[in-house]
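A.B. asks: One structure, as structure tokens, below. Some questions next.
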Amino acid sequence: MVRNVIGSVLALAGATAAVWSPFRAWYDGRHGRDYAIGDLFSGITDGRPDVLASILLPFAFAALLTVFGVVLRSRALVAVAGIVVLGFTVLWMVRVGQAEGSLVISGDGRGLGQGVANALGGGVLLLVGALVMSGRSRRRAAPRRGPAPEPVPPAEPPPDVTGGTPDQHPTASTPYAATRTFDVPPPEPPREDPPPRG
């Protein structure tokens, strides 16, 4: 929750800086709103376009993506907004460098102005905000609990084959026919031959 709040604040601050940047000086005192969006693809010209047709358009679109990303807690939308801001800023720098021959940074109002710094900083804040945000928390679905199972009655004891009850604990059972015993006569002792007569 805290990460989402911090990331949202950073993302909104970055979107604000990006939208505000076209109203500041970008190069040699020329404001960003004075650069047509078409000049970024065909080459920088001296024409002054309408505000909605200037470089403000992609930054406003990025700000809209940021708002949706914060509301939906979508890190992807906020990251895309940061890429849009940085992409168009870098594209502008490439086109101006081609038109001017080089990019100059000076403190007397010539060269790159504060608007470019605001745009670059806004894009970086958007990406940092997307990294800080934790996004939507994925809640694990609790397993559905059905009705409690009915208690199983105890199994009845098997019937006693000897005819007794289980409490009598018979000592033996007769699963087979009773054995029959036979009396065997003992062996006769050996007979001694009578002594010979005579």
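A.B. asks: Please indicate, with yes or no, whether at least one residue in segment 126-139 is out of contact with any strand residue (DSSP E or B) (no Cβ under 7 Å at 6 or more places or on another chain), hydrophobic (A, V, I, L, M, F, W, C), in a loop (DSSP other than H, G, I, E, B) and at pLDDT below 85.
C.D. replies: no
A.B. asks: Scan segment 9-54 for residues that are of a type in the set (Gly, Ala, Ser) and either surrounded by 20 or more Cβ atoms within 10 Å (Cβ to Cβ) or under 21 Å from Ala117 (Cα atoms) (or both) and jot them down.
C.D. replies: Ala11, Ala13, Gly14, Ala15, Ala17, Ala18, Ser21, Ala25, Gly29, Gly32, Ala36, Ser54, listed by residue number.
A.B. asks: Only residues that are farther than 19 Å from Val84 by Cβ and touching a residue at least 12 places away in the same chain (Cβ under 8 Å): list them for segment 2-23, please.
C.D. replies: Quick first cut of segment 2-23, residues farther than 19 Å from Val84 by Cβ only: 2-6, 9.
Within segment 2-23, Arg3, Asn4, Ile6, Val9 qualify.
A.B. asks: Taking only pairs six or more apart or across chains, which ones have beta-carbon atoms under 9 Å, a first residue in segment 33-60 that is modelled with pLDDT under 90, and a second residue that is open to solvent by less than 40 Å² (accessible area, probe 1.4 Å) and among the polar types (S, T, N, Q)?
C.D. replies: That search, which allows pairs on different chains as well, returns Arg48/Ser54.
A.B. asks: Can you spot a residue in segment 118-131 that is polar (S, T, N, Q), out of contact with any Pro (no Cβ under 7 Å at 6 or more places or on another chain) and surrounded by 13 or more Cβ atoms within 10 Å (Cβ to Cβ)?
C.D. replies: Yes, segment 118-131 has at least one match.
A.B. asks: Report whether or not Gly87 is open to solvent by less than 70 Å² (accessible area, probe 1.4 Å) and either touching a residue at least 40 places away in the same chain (Cβ under 8 Å) or part of a helix (DSSP H, G or I) (or both). Lay out the reasoning, then the answer.
C.D. replies: On the way: open to solvent by less than 70 Å² (accessible area, probe 1.4 Å): yes; either touching a residue at least 40 places away in the same chain (Cβ under 8 Å) or part of a helix (DSSP H, G or I) (or both): yes.
Against the criterion (open to solvent by less than 70 Å² (accessible area, probe 1.4 Å) and either touching a residue at least 40 places away in the same chain (Cβ under 8 Å) or part of a helix (DSSP H, G or I) (or both)), Gly87 qualifies.
The values are calculated or read from the model by the stated rules, or taken from the named source; none is laboratory data. As the structure is a computational prediction, the values presented were derived from the model and not from experiment. We place every Cβ from the backbone using ideal geometry, glycine too, and count neighbours over all the protein chains shown. With ligands, DNA and RNA removed, areas are computed over all heavy atoms of the protein, side chains included. Shrake-Rupley method; radii C 1.70, N 1.55, O 1.52, S 1.80 Å.
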